[in-house]
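*Asks:* The structure is given below, and queries will be raised subsequently.
The values are calculated or read from the model by the stated rules, or taken from the named source; none is laboratory data. Since the structure is predicted, the reported quantities are computational estimates derived from the model, not experimental observations. Ideal geometry is used to build each Cβ from the backbone, glycine not excepted, and the neighbour counts take in all protein chains shown. Keep in mind that these areas ignore ligands, DNA and RNA; they rest on the heavy atoms of the full protein, side chains included. Shrake-Rupley method; radii C 1.70, N 1.55, O 1.52, S 1.80 Å.
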Amino acid sequence: MESRRGLSPIFECVPNFSEGRDLEIVVALEKSISAVPGALVLHRTSDSDHNRSVITFAGSEDAVVEAAVRAAAAARDLIDLTVQRGVHPRLGALDVLPFVPLEGAVLADCVVLAHRAGERIWSELGIPVYYYQAAALRPDRTRLEDVRRGQFEGLREQVLSDVSKAPDVGGPALHPTAGAVIVGARKILIAYNITLKTSDLAIANAIARAIRASSGGMQEVKALGLPLESRGLVQVSMNLTDFEQTPIHVVFGEVARLAALHGVEIEESEVIGLLPRRAVNMAFAHWLKLPSFEAGNVIETRLEQLSRSRT
C-alpha cells in the first residue's frame with residue numbers, strides 16, 4: 001500500500017486482552033508487540049474490575065499485522081478463559097483486534113489488514129476468527145456486541161450445534177482456552193467510562209439504556225452498566241464510535257443530567273486508550289464557551305502546521 005503522497009500509510013491497532021489483574025502477563029503482552037520492528041506502542045491501560053487491558057500501537061501495514069499475530073500468540077499462551085473472570089464481556093483471550101486508519105491510510109486498507117491478520121491467527125495459531133465492523137463478511141456480524149453475544153462460555157457450546165454461530169475463519173470449535181479473536185476494521189473510536197457515586201447497578205443500567213443508540217438514545221454511542229466491586233461503585237462504560245457526531249463532552253453532560261435525576265453525582269470519568277486531539281479541542285471550546293476557538297490556537301498544533309507546510 002502507498003499513500004497519495006508516496007509515503008507508506010500508518011495504521012493503528014488496538015487489541016483488547018482479557019487480562020487486567022496480573023500485570024506480569026500484561027507486560028509480556030506488550031513486549032510481544034514492541035519486539036516487532038516498526039511497531040510502536042503508544043499506550044497501555046488495565047482495569048482489574050473489568051479484568052481487561054487495552055494496548056494501542058501503530059506502524060506500517062506489515063508491522064501492525066505481524067505484531068497483532070504475535071500478540072494473539074502471547075495471549076493464547078498466557079490467558080486461560082476457563083478460569084478468567086471479569087465484568088467486561090469477552091469471547092477471546094485476545095478478545096477484540098481492530099485496525100484503524102491513521103496517516104495516509106483509509107478504512108478499506110484496514111479491511112485488507114484485518115483479513116490478513118485473521119487468516120494468520122487461524123492458520124498459524126489455531127485460534128478461530130470472527131470479523132466485525134467494516135471487515136465483517138456477514139451483515140449480522142457488523143456490530144461487535146452481536147458477534148460476542150453469549151461470550152466464551154455460551155458460544156463454545158453453540159458453535160458445535162448451530163452453524164450460524166460458527167466463526168468466519170477456522171473452527172467450528174473455539175480454542176479450548178483462548179476462545180476466538182474478533183478482528184475488525186473501524187474508524188477512530190473513543191472508549192469512555194463514567195463512574196457514578198453509587199453502588200446501585202440498576203442506575204448505571206438505566207443510564208446506559210437511555211443513552212445508547214440501539215435503545216433510541218444518542219447516535220453512535222454504545223453503553224452498558226458495570227459494577228466496580230473493588231470500589232463499591234458502578235460505571236457507565238461506553239464506546240463513542242463517531243465522536244464528531246456525538247462528542248465526548250455531550251455524552252458527559254447527558255450522563256451527568258440523568259445521574260442527577262437519580263440523585264447521584266459523577267465520581268470521575270476515564271478515557272481508555274487514546275483519543276483524537278480534535279475531541280479534546282471540541283470539549284475545551286464547549287466548556288469554556290469559546291465559539292471562535294480553533295485547532296490553530298494551540299501552540300503545539302500551530303507549530304506542527306508550520307512544520308508540515310515547509311516540508
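*Asks:* Scan segment 98-139 for residues that are touching a helix residue (DSSP H, G or I) at 6+ places or on another chain (Cβ under 6 Å) and assigned to a helix (DSSP H, G or I) and report the count.
*Replies:* 6
*Asks:* With Gln84, Gln133 as the choices, which residue is among the polar types (S, T, N, Q) and open to solvent by less than 30 Å² (accessible area, probe 1.4 Å)?
*Replies:* Gln84
*Asks:* Count, please, the residues in segment 194-228 that happen to be within 17 Å of Asp49 (Cβ to Cβ), assigned to a strand (DSSP E or B) and in contact with an Asp or Glu (Cβ under 9 Å, 6 or more places away or on another chain).
*Replies:* Selection size over segment 194-228: 7.
*Asks:* Name the strands (runs of 3 or more DSSP E) wholly inside segment 1-77 in which the number of residues that are buried (at least 21 other Cβ atoms within 10 Å of the Cβ) is 3 or more.
*Replies:* 11-13, 52-59
*Asks:* Identify all residues within segment 117-135 that are over 19 Å from the mean Cα position of the chain (by Cα) and not β-branched (Val, Ile, Thr); write none if there are none.
*Replies:* The answer is Glu119, Arg120, Trp122, Ser123, Glu124, Leu125, Gly126, Pro128.
*Asks:* Within the bounds of segment 219-242, is there any residue that is open to solvent by less than 40 Å² (accessible area, probe 1.4 Å), closer than 30 Å to Arg302 by Cα and touching a Leu at 6+ places or on another chain (Cβ under 8 Å)?
*Replies:* The answer is yes, given that some residue of segment 219-242 is open to solvent by less than 40 Å² (accessible area, probe 1.4 Å), closer than 30 Å to Arg302 by Cα and touching a Leu at 6+ places or on another chain (Cβ under 8 Å).
*Asks:* Checking Ala202 against (1) within 25 Å of Gly273 (Cβ to Cβ); (2) open to solvent by 60 Å² or more (accessible area, probe 1.4 Å), which single condition isn't satisfied?
*Replies:* (1)
*Asks:* Looking at (1) within 18 Å of Asp242 (Cα to Cα); (2) open to solvent by 40 Å² or more (accessible area, probe 1.4 Å); (3) touching a residue at least 24 places away in the same chain (Cβ under 8 Å), which one does Thr142 not meet, given that it meets all the others?
*Replies:* Failing condition for Thr142: (3).
*Asks:* Sort through Ala173, Ala223 and tell me the only one that's over 26 Å from His286 (Cβ atoms) and aliphatic (A, V, I, L, M).
*Replies:* Within the list Ala173, Ala223, the selection yields Ala173.
*Asks:* Would you check if there is a residue in segment 289-303 being in contact (Cβ under 8 Å) with a residue 12 or more places away in the chain and polar (S, T, N, Q)?
*Replies:* Within segment 289-303, one or more residues are in contact (Cβ under 8 Å) with a residue 12 or more places away in the chain and polar (S, T, N, Q).
Here's the yes/no breakdown for (1) small (Gly, Ala, Ser); (2) more than 26 Å from Asp22 (Cβ to Cβ):
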site	(1), (2)
Ala68	yes, no
Arg76	no, no
Asp80	no, no
Val106	no, yes
Val112	no, yes
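*Asks:* Follow-up question, since we're still on this one. Quickly run through segment 154-192 and pick out the residues that are under 12 Å from the mean Cα position of the chain (by Cα) and part of a strand (DSSP E or B).
*Replies:* Matches in segment 154-192: Ile182, Val183, Gly184, Ala185, Ile190, Ala191, Tyr192.
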